[in-house]
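Student: Have a look at this one.
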Amino acid sequence: MISPKSIDEVLEIARIEDVVRDYVDLKNRGSNLIGLCPFHKEKTPSFSVSPSKNIFKCFGCGKGGNTAQFVMEVEQLSFPEAIRTLAKKYQITLEESFKQEINPELQQEQESLYIINQFALNFYKDNLRNNPIGQSVALSYFKQRGFLEQIIEKFELGFAFDEPDALLNKARKEGFKLDFLQKLGLVTAQQKDFFRNRVIFPIHNLTGKPIAFAGRHLTSDSKSPKYINSPETELYQKSKTLYGLHLAKKSIRDKNNCFLVEGYTDVMALHQAGIENVVASSGTSLTEDQVHVLKRFTQQVSLLYDGDSAGIKAAMRGIDLLIQGGLDVKIILIPGNEDPDEFIRKIGADAFEKFVENESKDFIVYKLNLHSNEIKNDPIKKSLAAKDIIQTIAKVEDPIKRSIYLQQSAGILGIDEVSLISACNKIIGDELKNKVFRQKREALDNDQKLLNELSSESNIKTQYNSQITISNDEFQEIDICRILILYGHHKVNVNEEMHYAEFIIENIADTLAFFENELLKQFILDVSQQISQGKIPELNYYLNHTDSNISKLALNFSINKYEYSSNWEEKHGIFLSTQQAPELNYKSDIENSILRFKLKKFNKAISEFERRIQLNEIPEEELQLELKSHQHIVNQRNYIAGLLNTVVIN
């Protein structure tokens with residue numbers, strides 16, 4: 001078990017912006033950073049990071065939290081494993097109550113799967129490096145293809161023996177579970193090694209952990225597929241994975257461009273040529289999920305495919321997905337039937353870079369030229385070409401770019417520009433109708449989901465932009481909780497020991513009975529209990545609270561999506577949390593919020609007393625006591641109203 005001290009140290013040192021940048025391209029927006037959310041598909045950034053508070057929040061899907069919670073979500077890890085991952089990144093030595101060798105039988109299943117994949121990677125690497133057969137068969141194969149030692153090591157290449165159970169026997173000796181080996185696709189249902197007599201290409205996730213393998217055969221047996229891949233698992237979804245992205249992400253961000261190739265060796269060849277901003281679609285057609293991953297790192301993609309008909313078709317398949325994903329696309333086709341790997345070895349790294357620079361073409365220009373060579377004077381082919389071009393242009397979001405592309409298309413195809421514009425607008429209009437329908441459907445689904453959540457006793461209405469009606473009194477209760485979470489740890493005065501959390505609890509104690517929201521009342525009681533134990537909770541206490549409602553409440557208060565208008569104060573009596581300098585204004589914020597809160601509660605208590613009097617609901621023996629209590633509340637209400645310059649109408 002990791003000690004609380006070590007956990008606190010990791011959470012304090014691990015910077016959210018550093019951790020998130022391994023997965024998301026972040027840009028400055030005021031005091032925060034924004035980017036495309038790694039947890040759901042989106043075209044407009046709704047993912048926000050607060051370096052000052054060391055937390056993240058997505059306003060699209062709602063996920064948020066601290067560095068550990070981000071790693072847990074993005075890597076699907078347990079909390080201890082997330083802490084260990086962060087500790088390794090920041091070279092922090094953890095204090096644990098017990099230490100032992102990792103036994104996969106005792107670990108959570110997902111952690112065990114990562115451990116077994118790492119074991120398999122080491123096994124295959126050792127076969128390549130240290131076994132005479134691996135050296136003569138596999139290592140010589142890579143060297144014959146021109147790959148240097150450092151590239152072979154960089155991509156952690158390996159070799160699987162031509163034996164039925166070499167990996168299985170080694171794994172059994174290490175104590176790994178057979179069903180885990182089979183789940184990862186390393187061992188078949190017949191208890192045989194899946195990869196045999198093949199060079200091995202490990203496939204990694206964004207943090208560099210091995211999640212799958214690809215194997216290329218070394219025989220000319222036509223019955224055997226050239227490449228085979230691990231099956232999909234909890235760790236590996238082929239449609240969401242891009243080969244080499246863990247090595248390319250920094251270079252992609254730095255150059256704001258990514259070369260997209262077909263094969264594993266193409267990626268390796270470009271790295272060897274000094275071009276690191278390159279990934280492969282793992283031998284599959286490009287998918288929507290892969291486009292989404294790419295857009296988190298760059299706005300520009302350069303397709304680098306073979307110049308044969310298969311390569312051209314592959315490039316064409318990927319274009320529309322990339323355009324629809326909002327990316328700028330260039331095409332570079334290798335002449336002849338050579339792939340990028342062969343072409344680089346043939347002309348050299350320097351000549352290849354010049355070739356890329358000279359031959360890079362805009363996707364629409366290339367597509368137009370491709371069609372212009374085919375249509376000649378055939379009206380049917382011209383019509384089909386125009387439809388194909390317009391379908392692609394309609395996916396371009398920028399209207400200016402769209403207009404330029406339509407002008408170019410009209411000129412090259414010899415078709416009236418107005419006709420092309422009309423056809424393009426019809427496609428866009430139909431898509432907008434479909435989009436509106438989908439949004440309405442999603443809204444209905446979300447409303448139903450929200451109603452289901454609200455029916456649960458554990459729900460708390462904390463989203464200011466919720467369509468569910470919340471009374472002004474509840475807004476006031478929420479605001480008091482906001483102040484406690486964000487500013488309760490500050491001292492009332494520099495020379496005093498009292499903190500604002502103590503000051504607030506002391507001042508609202510006589511109104512706690514009038515709280516409308518039971519869960520917010522429980523939150524106040526939780527804070528009171530902490531104070532009674534001599535503890536003054538800070539933001540991290542609430543963010544990491546065992547009650548998920550409280551942690552969500554803290555998260556929602558910590559990062560704001562919009563600047564609130566002055567109507568929040570005028571309509572609801574809430575001091576804004578997004579003033580120009582909140583660190584200078586929180587004192588008046590607290591004082592005003594407490595006074596307005598108490599004024600509302602006292603007015604409510606007075607109205608309730610008057611209602612009971614009119615309906616004769618107060619027993620005669622209790623009337624005198626109730627009248628005294630009522631008068632005290634009236635006096636308090638009038639005093640507070642005077643402080644706020646508020647007129648009280650009796």
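Student: Quick one: His545 ticks every box in (1) part of a helix (DSSP H, G or I); (2) under 24 Å from the mean Cα position of the chain (by Cα) bar one, so which box is it?
Tutor: (1)
Student: Pairs under 6 Å by beta carbon, first residue within 21 Å of Arg317 (Cβ to Cβ) and in contact (Cβ under 8 Å) with a residue 12 or more places away in the chain in the range 330-348, partner of a type in the set (Asp, Glu) and surrounded by fewer than 17 Cβ atoms within 10 Å (Cβ to Cβ), six or more apart or different chains?
Tutor: Filtered contacts from the range 330-348: Ile332/Glu359; Asn337/Asp308.
Student: Would you mind telling me which numbered condition in (1) at pLDDT 85 or above; (2) more than 20 Å from Ala554 (Cα to Cα) Ile16 fails?
Tutor: Only one criterion is unmet by Ile16, namely (2).
Student: Among (1) surrounded by fewer than 19 Cβ atoms within 10 Å (Cβ to Cβ); (2) at pLDDT 90 or above, where does Lys250 come up short?
Tutor: Tallying (1) surrounded by fewer than 19 Cβ atoms within 10 Å (Cβ to Cβ); (2) at pLDDT 90 or above, Lys250 fails exactly one: (2).
Student: Can you spot a residue in the range 282-301 that is hydrophobic (A, V, I, L, M, F, W, C), assigned by TED's automatic domain parsing to the domain that holds Asn122 and either at pLDDT below 90 or under 27 Å from Leu77 (Cα atoms) (or both)?
Tutor: no
Student: A further question follows. So Ala214 passes all but one of these: (1) surrounded by fewer than 22 Cβ atoms within 10 Å (Cβ to Cβ); (2) free of Cβ contacts under 8 Å to residues at least 40 places away in the same chain. Which condition number does it fail?
Tutor: Just one mismatch for Ala214, condition (2).
Student: Mind telling me which of the residues Ala166, Ala138 ends up being assigned by TED's automatic domain parsing to the domain that holds Arg216, farther than 22 Å from Pro340 by Cα and of a type outside the set (Phe, Trp, Tyr)?
Tutor: It is Ala166.
Student: Have a look at Ile427, Ile412, Ile400, Ile375 and point out the one that is at pLDDT 85 or above, among the aliphatic types (A, V, I, L, M) and surrounded by 15 or more Cβ atoms within 10 Å (Cβ to Cβ). Reasoning before the result, please.
Tutor: On the way: Ile412 fails: at pLDDT 85 or above; Ile400 fails: surrounded by 15 or more Cβ atoms within 10 Å (Cβ to Cβ); Ile375 fails: at pLDDT 85 or above.
Every option except Ile427 fails the conditions.
Student: Continuing with the same structure: Condition first: in contact (Cβ under 8 Å) with a residue 12 or more places away in the chain, not in a helix (DSSP H, G or I) and not basic (Lys, Arg). Now tell me which residues in the range 349-381 satisfy that.
Tutor: Residues satisfying the conditions are Ser360, Asp362.
Student: For the range 592-622, name all the residues that are aliphatic (A, V, I, L, M) and loosely packed, with under 13 Cβ neighbours inside 10 Å.
Tutor: Leu615 - this is the single residue of the range 592-622 that is aliphatic (A, V, I, L, M) and loosely packed, with under 13 Cβ neighbours inside 10 Å.
Student: Considering (1) loosely packed, with under 10 Cβ neighbours inside 10 Å; (2) part of a helix (DSSP H, G or I), say which one Asn645 fails and leave the rest.
Tutor: So Asn645 meets the others, but not (2).
Student: Can you tell me which residue in the range 492-507 is surrounded by the fewest Cβ atoms within 10 Å (Cβ to Cβ), limited to those that are over 16 Å from Phe597 (Cα atoms) and at pLDDT 80 or above?
Tutor: That would be Met498.
Student: Ok, one more. So which residues in the range 75-129 are among the aromatic types (Phe, Trp, Tyr) and at pLDDT 80 or above?
Tutor: Phe79, Tyr90, Tyr114, Phe119, Phe123, Tyr124
Student: I've got another one for you. Where the second residue is assigned to a helix (DSSP H, G or I) and not acidic (Asp, Glu) and the first is more than 17 Å from His246 (Cβ to Cβ) and outside the structural domain of Tyr124 (by TED's automatic domain parsing) and lies in the range 145-158, which pairs have Cβ atoms under 6 Å and are six or more apart or on separate chains?
Tutor: No pair meets every condition.
Student: Restricting the range 270-285 to residues that are in contact with a strand residue (DSSP E or B) (Cβ under 9 Å, 6 or more places away or on another chain) and of a type in the set (A, V, I, L, M), which is surrounded by the fewest Cβ atoms within 10 Å (Cβ to Cβ)?
Tutor: In this case the residue turns out to be Ile275.
Student: Look through the range 1-13, keep the residues that are aliphatic (A, V, I, L, M) and at pLDDT 85 or above, and return whichever of them is nearest to the chain's Cα centre (by Cα).
Tutor: Applying the filter and picking the extreme gives Leu11.
Student: Give the residues of the range 282-302 that are part of a loop (DSSP other than H, G, I, E, B), of a type outside the set (Val, Ile, Thr) and either closer than 21 Å to Ile34 by Cβ or within 20 Å of the chain's Cα centre (by Cα) (or both), sorted by residue number.
Tutor: Matches in the range 282-302: Arg296, Phe297, Gln299.
Student: Name the residues in the range 147-169 that are over 18 Å from Arg198 (Cα atoms) and of a type in the set (D, E, K, R), would you?
Tutor: Those that are over 18 Å from Arg198 (Cα atoms) and of a type in the set (D, E, K, R): Glu149, Lys154.
Student: Something else about it: With respect to Ile200, is the statement that it is within 17 Å of Asp266 (Cα to Cα) and of a type in the set (Val, Ile, Thr) true?
Tutor: Against the criterion (within 17 Å of Asp266 (Cα to Cα) and of a type in the set (Val, Ile, Thr)), Ile200 qualifies.
Student: Right, next: Could you list, in sequence order, the residues of the range 520-545 that are surrounded by 15 or more Cβ atoms within 10 Å (Cβ to Cβ), of a type in the set (A, V, I, L, M, F, W, C) and either within 13 Å of Ile480 (Cβ to Cβ) or out of contact with any helix residue (DSSP H, G or I) (no Cβ under 6 Å at 6 or more places or on another chain) (or both)?
Tutor: Leu520, Phe523, Ile524, Val527, Leu539
Student: Can you give me the number of residues within the range 493-530 that are touching a residue at least 24 places away in the same chain (Cβ under 8 Å) and either not in a helix (DSSP H, G or I) or not assigned by TED's automatic domain parsing to the domain that holds Ser548 (or both)?
Tutor: Qualifying residue count, the range 493-530: 4.
Student: How many of the residues in the range 31-80 are touching a residue at least 40 places away in the same chain (Cβ under 8 Å), closer than 18 Å to Arg21 by Cβ and not in a loop (DSSP other than H, G, I, E, B)?
Tutor: Total meeting the criteria: 15.
Student: Quick one: count up the residues across the range 204-237 that are touching a strand residue (DSSP E or B) at 6+ places or on another chain (Cβ under 8 Å), modelled with pLDDT under 90 and basic (Lys, Arg).
Tutor: Count: 1.
The values are calculated or read from the model by the stated rules, or taken from the named source; none is laboratory data. Keep in mind the model is a prediction, meaning the values are calculated, not measured. As a convention, Cβ positions derive from the backbone with ideal geometry for all residues, glycine included, and neighbour counts pool all protein chains shown.
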